[in-house]
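This report refers to the structure that appears directly beneath it.
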Amino acid sequence: MKKVINNAEQVVEEMLQGVVAAHPQYVKRVAGFDVLVRANSPVQGKVALVSGGGSGHEPSHGGYVGRGMLDGAVAGAVFTSPTPDQVYEAVKAVDGGKGVLLVIKNYTGDIMNFEMAAEMADADGIKVAKVVVNDDVAVENSTWTTGRRGIAGTVFVHKIAGAKAETGADLAEVQKTAEKVIANVRSMGMALSPCTVPAAGKPSFTLAENEVEIGMGIHGEPGTHREVIRTADETAEHLLNKIFADIALGAGDEVAVMVNGLGGTPLMELYVVNRKVAAMLAEKNIKIAKTYVGNYMTSLEMSGFSVTVLKLDSELKELLFAPADTPALVQF
Amino acid sequence: MKKVINNAEQVVEEMLQGVVAAHPQYVKRVAGFDVLVRANSPVQGKVALVSGGGSGHEPSHGGYVGRGMLDGAVAGAVFTSPTPDQVYEAVKAVDGGKGVLLVIKNYTGDIMNFEMAAEMADADGIKVAKVVVNDDVAVENSTWTTGRRGIAGTVFVHKIAGAKAETGADLAEVQKTAEKVIANVRSMGMALSPCTVPAAGKPSFTLAENEVEIGMGIHGEPGTHREVIRTADETAEHLLNKIFADIALGAGDEVAVMVNGLGGTPLMELYVVNRKVAAMLAEKNIKIAKTYVGNYMTSLEMSGFSVTVLKLDSELKELLFAPADTPALVQF
Amino acid sequence: MANVIAAIEALADIIIANKEKLTELDAAIGDADHGINMARGFEAVRVKLAATTTEDIGAVLKMVGMTLISTVGGASGPLYGTAFMRAAAIAQGQTVINNDTAAEMLRAAIGGIKDRGKAVRGEKTMLDALEPAYEAFTQGMAEGEALPECLELATAAAAAGIEYTKTIIATKGRASYLGERSIGHQDAGATSCYLMLSALTALAKQHRQEA
Amino acid sequence: MANVIAAIEALADIIIANKEKLTELDAAIGDADHGINMARGFEAVRVKLAATTTEDIGAVLKMVGMTLISTVGGASGPLYGTAFMRAAAIAQGQTVINNDTAAEMLRAAIGGIKDRGKAVRGEKTMLDALEPAYEAFTQGMAEGEALPECLELATAAAAAGIEYTKTIIATKGRASYLGERSIGHQDAGATSCYLMLSALTALAKQHRQEA
Ligand SMILES: Nc1ncnc2c1ncn2[C@@H]1O[C@H](COP(=O)(O)OP(=O)(O)O)[C@@H](O)[C@H]1O
Ligand SMILES: Nc1ncnc2c1ncn2[C@@H]1O[C@H](COP(=O)(O)OP(=O)(O)O)[C@@H](O)[C@H]1O
Ligand SMILES: [Mg+2]
Ligand SMILES: [Mg+2]
Ligand SMILES: [Mg+2]
Ligand SMILES: [Mg+2]
């Protein structure tokens, strides 16, 4: 394991210190906790958004704390859901009186820990609502599983629900908008190489020199299958077709696209993928309102990418285009 | 070599198509050339900025085309300076009557090709000026070498000279500001692992499991030496001390900082580095006006980072904080 | 049974000693952190234990549960944390424990895990070690066995349970994403349950010998 | 000498055949692209050559120079491009070339490289192959040798030149960043010069045999 770190046990703590040192205009730390909140938290008269999860997905989620997106982000140990007390501190630090929406990715651990935090906040009289993001179509969504995982589509939830909250909407409305995003967002990824959790010291899986994992999760969870690496176009086509199979999209529909790098993929390759994604959408006469290409929801140094498609209506589109000002996503 | 590409020979072409598909609001292609220019080029009444170089450093330079930064970017083959005819087309496409500043990184090839382009543009009566960025303190700046390399500090030149151009300054003034940035910016990097040029098919060097290269160039050029990997803090300290040894910085000075990932480094690790960089500057009572942490000038999937320090005066600071709206750098 | 502090120490020892093994099991079908998570939790428990003087089993177990909840994270933090909290409620105010109380504590712990995780036996989780263990424990009691023997039976049943997890598809937790591909792999959480039971058994036997 | 088209084809053949080797040399002390760059350029030259009918050596060389400039990039594109353009100017309107003209063309090419790259001999560049080659060529002429022998002498001198590049520190081009660490490595650009000279020599000899 070769990493630019000091100590595997201290990596989250030192990262958070580095984030605060870099972006004091955006974020501050809740003292004693692995929680970043807006520099001006709590913002009064606005529903607050809190997300979080295991670390290792940077810039998720601390990078999205700022105007137009999140109010707080909770950082668990690498790839490990944060504990309830941490989430609870975040909720208390950001509540501006209009309640707090928890944006949770659909993992057993995240759900349980965030739920326990919500119970704690409830007991304090803080209004808390939850949404669970489950955009990963690689996983079958049956009653026999814990359902689909939450991956890069979560960033669209932050963006759009965050913009909704800025309008002054109440908690139920913000929750409803977040749920609309979740209902309309689908993603799927693939990996060329694994990553190494610092505390584990070695990669959690291995792939042969010519092998890739299709449907890979963002914590190194195995995907649908392995195959010999194909061209960027063939791979993008496979992922996008899985998405098309899961959500009705046709001529005249409008979407937002995210081609997300998992941490170790050159931007050059992400753009090669985006070329194919755009071409496939054009072929179906689906209009692309906005495209994001870059590292938005990573898996440490994993090499690979995911494709996310969000079906827009006029509300979602307007909110997607609303300004945002955060360390990792700025738009006018 | 495992890459998300279709064809090593087509990778630059397909990337450019992917960029245009993703960011039509920002950039358009000069037909038939590997040149991206602002969607509204040529902008009248403003000095235009053109940069470029080999591909593989994304988001450099196409990602910085937009309001407040570049007007045009020329993409060479991977790690290979673009040819004069390509640069010449970029100059013609962006010139809005006030002349064009070429921002060149100090590599023999880049200088010769951009110079030939400048000669061609001159012959057309287009006013062209040049600046050469050489921020890499890993390389000795003696008359016996071709001088220092241009690396991540180039992004500060784009940002600040770009902002200057937006003020309506004339070509000589924009050039002077760019030169001031160059005089005050220093960088140094290190690599944990090599990268593979698609057309070459294999890494251009190898490092042992516990070895790193200090002073690595962004094209895989060897650095000052190899060593057994040390902690993030020790490594950051080494790089920053090399920078301190090269530029007078003391209590009360104000700087901008960039902790730049080379493509394969998790953002988490870059923030761990930034923590140390910020601490060392604080120790010297040097004020950090603004910090950038992320992948700004990459080397494909190379793992490693560089640290850049830019000494500010009031002009540079004001221009650094000016708005920018480009695919890879947006600030209000 | 030895005092509760020694018991918790034994749990911490065995979990920390098996950190890598548990992480490796989780790597195969999960996200390679179960051992790391549990070891982090029990390191924190160890620190708290050093400052613990009470002999109230309920108080100690509550401390363990709260510490696990606030340090483990992931799925196992809330699950084990809740389990210890529920067991603590049964043992509140007590300083020694008989077979009946031990069985009730185990049942309450299992109930906590089910409430929190919404799983049932056969879904390839900790429950596949704990529920058979509970049944074996009460069966031993019914046959008149003493605590060490009951624990031994429970541990053996948990061992069989972790073997059983290899044969089934995961339908809860992170391994469920794998579907059929989860077959053949042993569940990490069930394994940590088994390890804790085996540590308690060893301690109970050793304690009797010393007595 | 064979016609200019055949000569350029021979250059293209030898460069493309040595693409990997040149890239490897560049990898050691540069950025691993010299072979790729040169091969890309001569592939483009080949395409243009297929549509070339003129026997005007100057016109063909000008086409080669312009093609290299617009397809090679890097340091070698402008350098080789300028070299061919300068040689083209000397040969303009000619269809055969004598020893004197050949020497003058070589001198002009070297001048172009020096103008563009601001290097002198001894800096570990193409000049360390080309300048000795030029000297050997003119020496051969002075000794009354024919073109094939003159070229052979030039090639031998270039071969010695690339050996010499191993012994010196690079002070121009990308390898100069390495300082002392560049010693022991052979310069890629000098090697491509040598290869081209050797291809011309082989062609000239073959042509005489056939004649
Ligand atoms: N819903 C559930 N009910 C009971 N146990 C569960 C459930 N989900 C997961 N587990 C247990 O938790 C273990 C994984 O714990 P751990 O790796 O620490 O958490 P995570 O899956 O969040 O990384 C699994 O091996 C399984 O035994
Ligand atoms: N200033 C110079 N003058 C003459 N030759 C040079 C000069 N700089 C570099 N070269 C030659 O160019 C070669 C490198 O070419 P190439 O790898 O194609 O370009 P780049 O260095 O831009 O990648 C070197 O091996 C050297 O022979
Ligand atoms: Mg986990
Ligand atoms: Mg090059
Ligand atoms: Mg796990
Ligand atoms: Mg080269």
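The values are calculated or read from the model by the stated rules, or taken from the named source; none is laboratory data. Computed from a predicted structure; not experimentally measured. Quick reminder, even Gly has a Cβ in these numbers, built from the backbone with ideal geometry, and neighbours come from all protein chains shown.
Output the number of residues of region C:16-30 satisfying the condition of being crowded, with 23+ Cβ neighbours inside 10 Å and in contact with a helix residue (DSSP H, G or I) (Cβ under 6 Å, 6 or more places away or on another chain).
Taking region C:16-30 and keeping what is crowded, with 23+ Cβ neighbours inside 10 Å, we get C:22-23, C:25-27, C:29-30.
When the remaining residues are screened for being in contact with a helix residue (DSSP H, G or I) (Cβ under 6 Å, 6 or more places away or on another chain), the result is C:22-23, C:25-26, C:29-30.
Residues that pass the stated criteria total 6.
For C:Gly173, state whether it is in contact with a helix residue (DSSP H, G or I) (Cβ under 6 Å, 6 or more places away or on another chain) and closer than 14 Å to C:Lys124 by Cβ.
Against the criterion (in contact with a helix residue (DSSP H, G or I) (Cβ under 6 Å, 6 or more places away or on another chain) and closer than 14 Å to C:Lys124 by Cβ), C:Gly173 qualifies.
Out of (1) within 11 Å of chain A (Cβ to nearest Cβ); (2) of a type in the set (A, V, I, L, M, F, W, C); (3) over 27 Å from A:Gly54 (Cβ atoms), what's the single condition that is false for C:Ala87?
(1)
Please go through region B:72-99 and give me each residue that is of a type outside the set (D, E, K, R), more than 14 Å from ligand 4 (Cβ to nearest atom) and not in a helix (DSSP H, G or I), ordered by number.
B:Gly72, B:Ala73, B:Val74, B:Gly96, B:Gly97, B:Gly99 - these are the residues of region B:72-99 that are of a type outside the set (D, E, K, R), more than 14 Å from ligand 4 (Cβ to nearest atom) and not in a helix (DSSP H, G or I).
Consider C:Glu104 carefully, then state whether it is over 28 Å from A:Tyr107 (Cβ atoms) and either without any contact (Cβ under 8 Å) to a residue 12 or more places away in the chain or touching a His at 6+ places or on another chain (Cβ under 8 Å) (or both).
no
Give region B:21-41 a look and list any residue that's more than 20 Å from D:Gly73 (Cβ to Cβ), surrounded by 19 or more Cβ atoms within 10 Å (Cβ to Cβ), more than 9 Å from every other protein chain (Cβ to nearest Cβ) and of a type outside the set (D, E, K, R), or say none.
Passing the criteria: B:Tyr26, B:Val27, B:Ser41.
Under 8 Å by Cβ, and 6 or more places apart or on different chains, what pairs join a residue from region A:300-316 that is within 11 Å of chain B (Cβ to nearest Cβ) and surrounded by 24 or more Cβ atoms within 10 Å (Cβ to Cβ) with one that is in a helix (DSSP H, G or I) and aliphatic (A, V, I, L, M)?
A:Leu300/B:Met268; A:Phe305/A:Leu270; A:Phe305/A:Val273
Can you name the number of the only condition in (1) farther than 28 Å from B:Asn106 by Cβ; (2) surrounded by 16 or more Cβ atoms within 10 Å (Cβ to Cβ) that D:Gln139 fails?
D:Gln139 satisfies every listed condition except (2).
B:Thr224: among the hydroxyl-bearing types (Ser, Thr, Tyr), more than 16 Å from ligand 2 (Cβ to nearest atom) and over 26 Å from A:Gln10 (Cα atoms), yes or no?
Spelling it out, B:Thr224 is indeed among the hydroxyl-bearing types (Ser, Thr, Tyr), more than 16 Å from ligand 2 (Cβ to nearest atom) and over 26 Å from A:Gln10 (Cα atoms).
Can you name every residue in region B:222-255 that is among the acidic types (Asp, Glu) and without any contact (Cβ under 8 Å) to a residue 12 or more places away in the chain?
Across region B:222-255, the qualifying residue is only B:Glu234.
Counting only residues that are free of Cβ contacts under 8 Å to residues at least 60 places away in the same chain, surrounded by fewer than 23 Cβ atoms within 10 Å (Cβ to Cβ) and not β-branched (Val, Ile, Thr), how many does region B:196-221 have?
7
Go through (1) away from ligand 1 (no atom under 12 Å from the Cβ); (2) in contact with a Ser or Thr (Cβ under 8 Å, 6 or more places away or on another chain) one by one and return the number of the condition C:Gly74 breaks.
(1)
Is region D:80-100 home to any residue that is closer than 30 Å to D:Arg181 by Cβ, within 13 Å of the chain's Cα centre (by Cα) and within 16 Å of ligand 4 (Cβ to nearest atom)?
yes
C:Gly65 versus (1) in contact (Cβ under 8 Å) with a residue 24 or more places away in the chain; (2) within 14 Å of another protein chain (Cβ to nearest Cβ); (3) of a type in the set (Gly, Ala, Ser): which is the lone unmet condition?
(1)
Checking the conditions here, which among D:Ala2, D:Ala59, D:Ala32 is more than 16 Å from ligand 2 (Cβ to nearest atom), among the hydrophobic types (A, V, I, L, M, F, W, C) and at pLDDT below 95? Steps first, answer last, please.
On the way: D:Ala59 fails: at pLDDT below 95; D:Ala32 fails: more than 16 Å from ligand 2 (Cβ to nearest atom).
When all the criteria are applied, what remains is D:Ala2.
Of the residues A:Met112, A:Met116, A:Met69, which single one is surrounded by fewer than 24 Cβ atoms within 10 Å (Cβ to Cβ) and either within 11 Å of another protein chain (Cβ to nearest Cβ) or within 20 Å of the chain's Cα centre (by Cα) (or both)?
A:Met116
Restricted to region A:119-140, and to residues that are touching a helix residue (DSSP H, G or I) at 6+ places or on another chain (Cβ under 6 Å) and over 15 Å from A:Tyr88 (Cα atoms), which residue is farthest from the other protein chains (Cβ to nearest Cβ)?
Within region A:119-140, the match that is farthest from the other protein chains (Cβ to nearest Cβ) is A:Val131.
Filter region C:23-38 for residues that are under 17 Å from C:Pro78 (Cβ atoms) and either more than 8 Å from ligand 1 (Cβ to nearest atom) or within 9 Å of another protein chain (Cβ to nearest Cβ) (or both) and give the result.
Let us first name the residues in region C:23-38 that are under 17 Å from C:Pro78 (Cβ atoms), namely C:26, C:30-31, C:33-34, C:36-38.
Within region C:23-38, C:Asp26, C:Gly30, C:Asp31, C:Asp33, C:Ile36, C:Asn37 qualify.
Going by what's in this entry, would B:Val277 be described as of a type outside the set (Phe, Trp, Tyr) and part of a helix (DSSP H, G or I)?
For B:Val277, the condition - of a type outside the set (Phe, Trp, Tyr) and part of a helix (DSSP H, G or I) - is met.
Which members of region C:59-75 meet the condition of being closer than 14 Å to A:Gly54 by Cα and either within 16 Å of ligand 4 (Cβ to nearest atom) or among the hydrophobic types (A, V, I, L, M, F, W, C) (or both)?
C:Val72, C:Ala75
Could you look through region B:215-236, keep only residues that are touching a strand residue (DSSP E or B) at 6+ places or on another chain (Cβ under 8 Å) and outside any loop (DSSP other than H, G, I, E, B), and pick out the one that is farthest from the other protein chains (Cβ to nearest Cβ)?
B:Glu227
Residues that are within 16 Å of ligand 2 (Cβ to nearest atom): list the strands (runs of 3 or more DSSP E) wholly contained in region B:100-214 that include at least 3 such residues.
none
Anything in region B:72-99 that is out of contact with any Lys or Arg (no Cβ under 7 Å at 6 or more places or on another chain), away from chain A (no Cβ under 14 Å) and touching a residue at least 60 places away in the same chain (Cβ under 8 Å)? List them, or say none.
Within region B:72-99, B:Ala90, B:Ala93 meet the criteria.
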